[in-house]
Every structure is written in structure tokens, then in C-alpha cells.
Amino acid sequence: MNPLLRVTARVLAAIGVLVLLLAALVVGAVWLTIPGGHQTASVAGLSGPVDITYDADWVPRIRAGSEQDAAAAIGFVHARDRMFQMELMRRAASGRLSEIAGPATLPIDRMMRTLGLRQHAVADLAALPADTRAMLDAYARGVNAWIDLKGRFAAPEFLVLGAPEPWEPADSLLWAKTMGLWLSMNWRQELSRQALAGRVPAAMLDQLWPSQSGVQSPDAMSKPSTRFAAAASRLASVLPQFPAAYTMPPSASNEWAVDGRHTATGAPLLAGDPHLGFSFPGIWYLVRVDMPGRVLAGATAPGVPSLVLGHNGKIAWTFTTTGADVQDIFIETAAGPNQYQTPEGPRPFAVREERIKVRGQADVVLMVRETRHGPVISDLDHPDGPVMAVAMGNLQPNDIAAAGLLALNRAATVEQAGAAAAQISSPVQNLLVADARTIGLFVTGRVPIRKAGDGSAPVPGDGSHDWVGWAAGEQLPHSVAPPSGRLVNANEPVWAPEFPVFMGRDAFGDWRARRIREMLEHSERHTPAGFAAMQTDVVNDFARQVLPALLATSGTIGAAEKALELLRGWDGSAVMDSPAPLIFNAWMDAFYAAVLRRAGLSNGIGAPVSDFVASVLSPAGAHWCDGDCAPMLRDSLIAAVTDLSTRFGGDPAAWRWGDAHQALFVHPILRSIPMLGSFTTISLPSPGDDDTLDRGGTNALFQSVHGAAYRGVYDLADLDRSLFMITPGQSGNPFSAHARDFAIRWRDGATIMLGPAAASISGTVRLTP
């Protein structure tokens, strides 16, 4: 062989060996991040050993001798399976994403530092009862035991980022702070209304967000001033969205319960499925905990020691969002370079410096101003413009939500759950609960009492619209043992128009609630399996209401006419193998956009599509179409079909909803890395749409990005027969076999039980003091 070729061959062989060795090192390092099947570990502060058994689905069953030992064990298994998710949550809430992600996340960090979620969490921790702090301390010890044991091998992401910092008790309060922020989006709606002031007549502005039945209005409405429209528009455009893993699209959830008169067993049944943004890993983590005299089973949130949704052997509970308005924007009057005007005269801004570390760049220094109402969010856009400060319920002092959730975990009756609800100071939610005798609904949180206005638009900061107190506990809507024996909520208002406390101007439509009530009427002997089937129902009641108006459309030809014919006889079911849901949803989106365009508006204003379109297609809303919506319906159908033809071919009969409506679960960081992106993205055809019980809220491409990532059905005759499901899997490690093994079963409506013993064992952990 030629000497040069011989040398070249040896060099290539050496390079090949090095590549193989490097690949082996990478594979080996990743393998070390995957929790083994059997393990022992020490956790400081345990009163005795704790045994953990993982079933075939990687759901841990924890046997602990005390409540604090159980909290430590939950912390350990959370960190074991979801440490990077927990790290991302606390970084996002603390405004520290840019330390690992670089300048792309600076807008999020700037907003979070301005709002000060972390400093409020630290202050709240000090004010919590001793037993709640003890639980948070125990949880942190469990998390830190895993970090100490594994270091940078705590999760594959830390191989690059380095070992995570120790977990602190205040970190666990950040989850609820984040929920409180994203489950009440009124401040963004206020900015949208303010930005439209002067461009849209006041009456039409109100109709963009149709008021729902049960929403009362105070004497003095909040009317946006045209003077601040441009500033509000700019600010709304710079406010960031949250990272994909924690995005909370327009909130929605389902819950219903019936008492023993309506069940096959004679004991109550309760069902609940909260709807949040899909992510990989999912937001929920299933667990069962057995302690002396008590059991906990259901959904936990990594980062939080208490059970969020589930049962404790005595009661079962779930939550939906109320839509209550607990956020207001106040427009302050400047009184010199460093002061603003108050009813008592000029007052200096409270100012603090925030230093944001940015990966690969110099630190960013942010000066945060606060007024007596709250942080000045207008500084995120232009510090020399109008001063807009935001007041938020979840940023008020003495937030004891963690103590309230712990009290709920301990409650043994509906009445005790109601007392716990009064302690859950944020967010404002509809807590539905059942015990072996009865059912009840309680609104949690604190709702501000306003001196004037309805909180729908920014108001002057001169004191005329200040918050003068709170409504909480029994002052908020509640119902125990209703005469009908049924309680239902799918985010529609739970208060009557004459309710004495003003809860908010905006509310969600009742499309899903109507469907729940319709199905509950079908039987007087409901079963857990029947409730689980209801949770996967895909009949769109909004579609059924507006279809007659759509089917009256005339003047279409070709593919548009064929698409219209495919809607005739459609029952509104958003099933995967039908073209009708795709045609309907594309048509409604196109019609919505056309109506807004005619009014000189853009799609980005945030008005609810279904509620607004239903209003436009009613006799009272025809003025949006210049008195006759038929031409706009025809043209928008043609536009929708033309767009669909470019994506799915020219024959509407061959289209399928499932081809477009893919449930999408993506990793917040790894999705952007070549090769790893496809490996850490889950996409599967799924049924439902934005208005069905089996929620499949869509993005612009009709991908399903928002829905019931957790479902629970609770049988109060025997809570061990309760049914559960999450998606996409228990593990947050993308290389684990349990990272995505629930996804198809979730899509198809399957359930599992969390009884005291696992049918088969996949792993064990023994924790010792």
C-alpha cells in the first residue's frame, strides 16, 4: 500500500475510534441520568425509612411514617424524574432563564423581575404557619438529596448546564405564583381594550368580549381613554409569552359531580380535568402516598409537596378557573422625575435594581419602579411614557395558598374542604369537592373590592378606582348539597347576576357546561367509566348552535360547495377521521378574521373566537357584517377551503381532522437543538377542538396545544376504584421509556387506577435518615 494511503487510513481509523469513544461517553453519561430500577438513598431529617415502589407505568407508591417524611419522599421522586422541569419553573418565575438560554429569553426575565414573583414568594414563606414551612423544608430536603446524590447527572440537561443549585423552600411557592399570573390574564385584556380606544366605538368594543349570563356590572364602568391608546398598544406588543413548557393559553377546565341519588353505587361521583398548555414533560406527575391513617392519590406538580388534584381517602377534589378579575392596571400621574401623585400628595417611587445574567453576553441591569398599586410595567416598553402600574391578587402580601392546599390535603369532609378553600388565597378557582355523603363547590382566593369601575380597562391611579378590600371565603360563591344533586362547571360564571360581590366583567362561554349537563341527564345511575367517557366527548355545542346559519350559505361552487355539503348532517363531533371538523374550524377562523378586518382590527387583539362569532351570527350582532353576514360567510368559506386545499389537497372529502389536529408536546429547550428536537417532540393525531369536553385547543396550524393533560374520576363509594390519566408520561427524561408511554392511551381515553399495591413492579427506592 502507498505509504501516504497507509497513514491516511491509520488517521481515519484513529478518528473513527475517537468518534466511537466520544459517542460511548455521551451515551454512558446520558444513561447515568436515567433512574435505575432499584436504589437506596439517604435524606436528612427523616423520622424513619420510607419505601417507594414504582408500578409498570412508573407511578410511585410511597409508604411513609409521617406527613413530613411523605413530603421529603415526594421531593425525592419529583427531582428523580422531573428535576430539569423544576429548574426551568423556578428560573422562569425568578427571571433567570437567560442565564442558561441567552438573550432570547430576556423579555421574559425582564417581565418576571419587574413583577417580582420571587421576592413575593420569599416574603410569603416567612408568614406561613410553622407546619406548612416544615412541609416545604422536608420537600426541599428530599429534592436536595437527589441533587447531592447525582450532581450534574440529575437530568440529561444538567450534563451541559452543570449541577442544579440546591432547592429552597421558597422555590416551591413559585409554582402557585406562576399559576396565579397565568390563570388570570385580565391585565392583557385591559391593554387590548386600551389600545383599541378611539379605533372602535365603545359599544362595539364591549361586544368584542361578549358578556356572559351571570356577569353583573357595577354602576361605574371602566372606560379606556384614547389618550393612552398608543402607549397601551406598544406595551401589549412587547409583553412576552411564557416558555412553551409553561404556556397557559386561554384557560379552561371541566368539573362535575353528582350525589348518590344519581349514581349506580349510591355514593357521589366527581370528575375533573384541568386544561393547560401541552408540554414535554407534562405539567402533572401521578403519585400515591400511604401514611398512618391517610392516603393521597392523584396529580402533583413537580416543585410542590402537596397533592394538587385527587383524593385523600376521605374526600376528592378538582379545580376550574373562575375567570374572576384580580388584576388591574392603574395609570399614575407623574409628580416630578422620581415621584408620582397619590391622594395624599406626591410620593417617591420604590426603586430596586435587578441584575440579569445573560449567557454569552454582559449582564443586563434593570431598574424596577413600584407605586402603591404595584410594579410599573410600562417601563418594559418606555420609561418616559405614561406610567402604568399593575395590581395583582397573587402579588399581595400574606398569600397563604400553600397552607390552604395543605389544609385541603388534610380535610375529611366537604365542610372542612370549604374551610381550606378560604385559606387558598391565590389563584381564584372553583374548588369542586365530594365526600361519601355530599358534594360542594367553593371559590378559592381573594377578589378585590373596587371603589369604582369594572376592571375591564386601565383606570386612573388617583384613588378613584382603588382596591378598598377583599371578598374571600363565604363572601364568594359556594354551594353545598344542591337540591338537584348535581354541580357542574366548565369555566362559565358560578354566580348569579344579583350576586353581591362584583367578580369581573369578562367570563368564559358555557359551551362545554351545556354539553356536560346534557349528558348528565341521560342517566340516573352514573358510573366511573361513564364519567371517564364523558371526559373524552368530542361534540362541539358551539358548532351545533351556529351550523344552521352556516348551512344557509349560498353562491359557492367547486371545492367550497363540496366542503359545505360535507357539513350537512354533521352532528358537531370533532372526530379524527372526518373532514367536517377541519372545514368548520378553518371556516370559523377565516370568518372571525374577516369580521375583525372589516372593523379595521387584527387577529391579535385576544377576543374569544367562539363567543364573539356566536354573538356576530345572532340578530343583535349582524351590524358587524353591515346587516347581512351571508356574503362574508360565503367569502370566508372560499378563503378557508382555498387555504386547506394547499395543505391537504383539492378534494375536501379526503381531508381528515386528525391530519391537522396533532396533539403537540415539545421540550422547552431541547426542541431547538438539531436531531434532539425531533426526539423530544411528540405529535399524534387527536380528536376534539377548542369547544369540546375533550379539549384540543389549537394554534394557527390547527395543532392541538392546550387541553386536559390530566383526567381524574373519583368514586366516593371506594376511592381506590378512582380513575386517572396524564400525558405524555411520568418521566421528564426524554431518554426514559416512561417519558411518553401514556400519550396514546391518554388520546384514546384509557385510564389507570392507583390502588394501594402495584400490579407489577418496575423499580423500588428505600430512603433512610
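The values are calculated or read from the model by the stated rules, or taken from the named source; none is laboratory data. Computed from a predicted model, the values in this text were never measured in an experiment. As a convention, Cβ positions derive from the backbone with ideal geometry for all residues, glycine included, and neighbour counts pool all protein chains shown. In case anyone asks, the SASA skips ligands and DNA or RNA and just uses the protein heavy atoms, side chains included. Shrake-Rupley method; radii C 1.70, N 1.55, O 1.52, S 1.80 Å.
The residue list THR321, ALA543, GLY37 was ranked by how far each Cα lies along the charge dipole of the chain toward its positive end, using unit charges on Cβ atoms, and GLY37 comes out on top. A simple charge model with +1 on the Cβ of Lys and Arg, -1 on the Cβ of Asp and Glu and nothing else charged puts the dipole of the stretch 326-476 at about 380 debye relative to its Cα centre. Summary of the geometry: the stretch 708-761 and the stretch 451-475, compared by the centres of their Cα atoms, lie 43 Å apart.
Here's the picture: charge each Lys and Arg Cβ at +1 and each Asp and Glu Cβ at -1 in the stretch 640-727, and of PHE679, THR642, ALA660 the one pushed furthest to the positive end of that dipole is PHE679. Two tests apply to each whole DSSP H helix in the chain, Cα reach of 24 Å or more along its axis and mean Kyte-Doolittle hydropathy of at least -0.5, and the ones passing both are 3-33, 67-94, 130-150, 580-598, 630-648. Considering only ALA271, THR444, VAL365, whose Cα is most displaced toward the positive end of the charge dipole of the chain, charges sitting on Cβ of Lys, Arg (+1) and Asp, Glu (-1)? My answer, from the dipole projection, is VAL365.
Under the criterion of Cα pairs below 8 Å and six or more residues apart, the relative contact order for the stretch 95-216 equals 20 percent. Annotation for the stretch 31-70 versus the stretch 510-565: alpha-carbon center distance of 45 Å. In the stretch 110-157, the C-alpha radius of gyration followed by the widest Cα-Cα span (Dmax) gives 14.6, 37 angstrom. Other residues lying with their Cβ under 11 Å from the Cβ of LEU366 contribute a combined charge of 0, Lys and Arg counting +1, Asp and Glu -1.
Over the chain, dividing the summed -39,500 (n - 2.57) contributions of all DSSP H runs of at least 4 residues by the number of residues returns a 222 nm mean residue ellipticity of -11000 deg cm²/dmol.
Leaving out ligands, DNA and RNA, what percent of the accessible area of the chain is carbon and sulfur, probe 1.4 Å? Spell out each step's value before the answer.
Values: 16330 of 28070 Å².
That share works out to 58 percent.
About its Cα centre, the chain has a charge dipole of approximately 1640 debye under the convention of +1 per Lys or Arg Cβ and -1 per Asp or Glu Cβ, with nothing else charged.
Mean sequence separation of contacting Cα pairs (under 8 Å, at least six apart), scaled by the length of the chain, corresponds to a relative contact order of 19 percent. Solvent-accessible area per residue in the stretch 627-713 equals 37 Å², computed with a 1.4 angstrom probe and all protein chains kept.
Net charge near ALA739, counting Lys/Arg +1 and Asp/Glu -1 over other residues with Cβ under 11 Å of its Cβ? Please list the in-between numbers first.
Details: positive: ARG82, ARG740; negative: ASP81, ASP741.
So the environment of ALA739 carries a net charge of 0.
The amide H of GLY763, built 1.01 Å from its N in the peptide plane, has TYR54 as neighbours under 5 Å, considering only residues 5 or more places off or on other chains.
So if a site counts as exposed when it's one of the GluC sites (Glu not before Pro), its DSSP state isn't H, G, I, E or B, and it has at most 10 other Cβ atoms within 10 Å, what's the longest stretch of the chain without one?
Numbers: sites that count: GLU344, GLU498, GLU521.
Of all site-free stretches, the longest is 1-343.
Descending by average beta-carbon neighbour count within 10 Å, the peptides 114-123, 756-765, 199-208 line up as 114-123, 199-208, 756-765, the highest first. The label-point distance for SER618 and ARG568, in a model that sets each label 7 Å from Cα toward Cβ, rounds to 2.9 nm. Karplus-derived 3J(HN,Hα) values for the stretch 271-279, using 6.51 cos²θ - 1.76 cosθ + 1.60 with θ = phi - 60°, are 10, x, 8, x, 10, 9, x, 6, 7 Hz; glycine and proline are entered as x.
Using a simple spin-label model with pseudo-atoms 7 Å out from Cα toward Cβ, SER237 and THR527 lie 5.8 nm apart.
So, counting K/R as plus one and D/E as minus one, what does the shell of residues with Cβ under 14 Å around THR322 add up to? Please list the in-between numbers first.
On the way: positive: ARG446, ARG505; negative: GLU255, ASP325, GLU492, ASP506, ASP510.
Neighbourhood net charge equals -3.
Only one of the listed values, (i) 27.5; (ii) 29.9; (iii) 28.6, was derived from the coordinates as Kirkwood radius over Cα pairs in Å; which label is it? Recomputing Kirkwood radius over Cα pairs in Å here picks out (i). Taking the centroid of alpha carbons for each part, the stretch 116-169 and the stretch 282-305 are 17 Å apart.
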